[in-house]
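Heads up, the thing below is written out as structure tokens.
The values are calculated or read from the model by the stated rules, or taken from the named source; none is laboratory data. Model, not experiment: these values are computed from the prediction. With ideal geometry, Cβ positions are generated from the backbone for all residues, glycine too; neighbour counts draw on all protein chains shown. All accessible areas refer to the heavy atoms of the entire protein, side chains included, with ligands and DNA or RNA removed. Shrake-Rupley method; radii C 1.70, N 1.55, O 1.52, S 1.80 Å.
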Amino acid sequence: MSTPLPLDGIKVIDFTHVQAGPACTQLLAWYGADVLKVERPGSGDVTRSQLRDDPDADALYFTMLNSNKRSLTLNTKDPAGKEVLEKLIRQSDVLVENFAPGALDRMGFTWERIQELNPKMILASVSGFSEGHHYEDLKVYENVAQCAGGAASTTGFWDGPPTVSAAALGDSNTGMHLAIGILTALRGRDKTGKGQKVACAMQDAVLNLCRVKLRDQQRLDKIGYLEEYPQYPHGEFSDVVPRGGNAGGGGQPGWVLKCKSWETDPNAYIYFTIQGHAWQPICRALNKPEWIDDPAYNTAEARQDKIMEIFAFIEEWLKDKTKYEAVDILRKFDIPCAPVASMKELAEDKSLRESGSIVEVPHKQRGTYLTVGSPIKFSGFKPVITGSPLLGEHSDEVLAELGYNVEQIAAMHESNTI
Ligand code: COA
């Protein structure tokens with residue numbers, strides 16, 4: 001008998017699309033929840049056909065966000081479809097959605113109605129802005145959220161425009177926040193027997209990750225400068241947190257530094273951190289012992305006004321070393337650093353494959369595809385990642401579970417309800 005998974009028995013109606021919602025429900029599915037993706041008949045989640053690399057197969061955008069789920073097609077605006085959704089709500093624990101504001105209400109599934117159908121139901125929603133926010137009616141995608149949540153104004157270089165991150169701070173990050181909210185509500189339900197509404201706005205989830213920039217705004221307001229930014233001490237500060245390039249955001253100065261072949265390889269760089277108490281080992285690693293006791297260098301404060309010169313010196317040292325050679329030397333001195341990894345390198349990384357952080361999974365149309373596995377590791381079980389479902393792959397099976405007979409299911413196919 002296989003080991004039960006922690007979320008075995010939790011039934012999730014996955015009424016999500018694009019990235020933010022699907023990332024949340026995929027996480028729940030990895031850990032054992034029965035996640036049923038409810039999709040519009042004919043087309044399904046828009047990501048099935050977005051950025052396709054194979055005209056006859058679901059796009060990787062979809063497959064990488066919907067592993068371990070089942071798929072039911074259902075027109076939830078059609079009366080027969082609504083009836084199916086009502087039955088599902090009666091039998092499920094969680095309904096997750098990330099439609100535009102008000103879409104679920106317009107479909108007839110208000111929070112009041114959902115509670116009537118199942119008082120134990122947890123309704124979890126992603127929105128762009130929080131309820132009552134002056135932008136609450138806006139539709140939002142990833143980069144919109146990064147701009148609204150403070151990430152863009154503080155990312156990039158001071159002489160360039162606000163910049164968005166490649167990391168999905170608006171989408172997947174909000175999904176992860178929502179998953180924590182759902183698990184919290186499930187734990188709460190164990191105590192009270194009641195469900196509740198859980199909401200996470202993309203702007204708030206981005207802001208939560210930008211908290212150090214909110215910290216910096218308050219420091220700037222008070223003292224007028226930020227000593228860990230490259231603008232200090234030679235540049236100017238205005239009254240808003242500036243873009244700090246590749247500076248470290250905490251107490252440890254750091255920078256992206258060129259290594260051998262940077263002229264031809266766009267990722268021949270390392271990130272180097274000058275951890276305060278690692279100054280001695282840094283000097284030894286760089287063969288610069290005279291800096292160890294030199295009062296012009298031996299404290300973080302003393303180094304601050306020449307930090308860029310120090311980084312330039314380290315780049316000189318890195319000139320004849322590949323990023324891997326450099327890290328192999330620096331790791332012996334306990335210096336926090338890493339090679340700048342390309343996506344190709346990550347896709348081929350043996351350690352990530354062995355740990356299950358990147359996995360190759362079977363798929364009915366694609367043969368196999370590469371996707372991310374659980375970044376969270378457990379001692380009691382190892383999440384097994386399975387391929388994403390085809391559109392409506394489990395419609396008949398799910399309707400049969402709900403008590404519909406073969407004729408009724410055939411009629412629903414006929415009328416495009418499923
Ligand atoms: N059957 C029938 N109708 C369905 C359906 C189904 N299975 N699934 C969805 N629909 C309907 C919705 O009810 C809605 O109808 P309505 O506008 O008549 O009320 C319609 O499809 C479109 O939904 P909507 O969410 O408005 O899609 P969109 O493509 O216009 O907008 C987003 C996409 C992402 C911008 C929007 O959903 C949004 O802002 N979501 C919240 C924030 C979010 O999660 N963004 C991140 C996405 S990664």
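Below, the figures for the structure above:
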| item | result |
| --- | --- |
| Whole-number D in µm²/s for the chain (Stokes-Einstein; Kirkwood sum over Cα pairs; 37 °C, 0.692 mPa s) | 134 µm²/s |
| Per residue, in Å², the accessible surface of the stretch 136-184 once ligands and nucleic acids are set aside, probe 1.4 Å | 50 Å² |
| Heavy atoms of residue 184 accessible to a 1.4 Å probe, total area in Å² rounded to 10 | 90 Å² |
| Overall Cα dimensions of the stretch 129-273 - principal axes, largest extent first, Å | 59, 39, 30 |
| Listed pairs 222/288; 77/382; 139/213 exceeding 32 Å between Cα atoms | 222/288; 77/382 |
| When each of 37/377; 69/364; 82/364; 37/87 is checked by Cα-Cα distance, pairs over 18 Å | 37/377; 82/364 |
| Probe 1.4 Å, protein heavy atoms only - accessible area per residue of the stretch 197-245 in square angstrom | 58 Å² |
| The stretch 281-418: radius of gyration over Cα atoms, expressed as a fraction of 2.2 N^0.38 Å | 1.94 |
| Descending principal axes extents, the stretch 136-175, alpha-carbon based, whole Å | 33, 20, 11 |
| Sorted peptide list for 137-146, 74-83, criterion being average Cβ within 10 angstrom, highest first | 137-146, 74-83 |
| Residue-normalised accessible area of the stretch 308-418, expressed per residue, 1.4 Å probe, Å² | 59 Å² |
| Accessible carbon and sulfur surface of the chain relative to its total accessible area, %, 1.4 Å | 54 percent |
| Bins of 10 Å, starting at 0 and running to the largest distance - Cα pair percent for the stretch 185-265 | 14, 30, 21, 17, 13, 5, 0 |
| Estimated FRET transfer efficiency (residue 135, residue 237; beta-carbon r; R0 41 Å; 0.05) | 0.90 |
| For the stretch 83-116 versus the stretch 346-365, the gap between their alpha-carbon centres in whole angstrom | 35 Å |
| Euclidean distance between Cα centres, the stretch 247-323 to the stretch 129-150, Å | 39 Å |
| Only Lys, Arg (+1) and Asp, Glu (-1) charged, at Cβ; the stretch 115-212 dipole about Cα centre in debye | 560 debye |
| Dipole axis of the stretch 38-127 (+1 Lys, Arg; -1 Asp, Glu on Cβ), positive-most option in 72, 111, 50 | 111 |
| nm² value of the averaged projected area, convex hull over the Cα atoms of the stretch 33-185 | 11.3 nm² |
| Pairwise FRET efficiency - residue 100 versus residue 159, Cβ, R0 = 45 Å, nearest 0.05 | 0.75 |
| Cα centre as origin, Lys/Arg/Asp/Glu Cβ charges: the chain dipole, Debye | 780 debye |
| All Cα pairs of the stretch 352-418, percent lying beyond 17 Å | 59 percent |
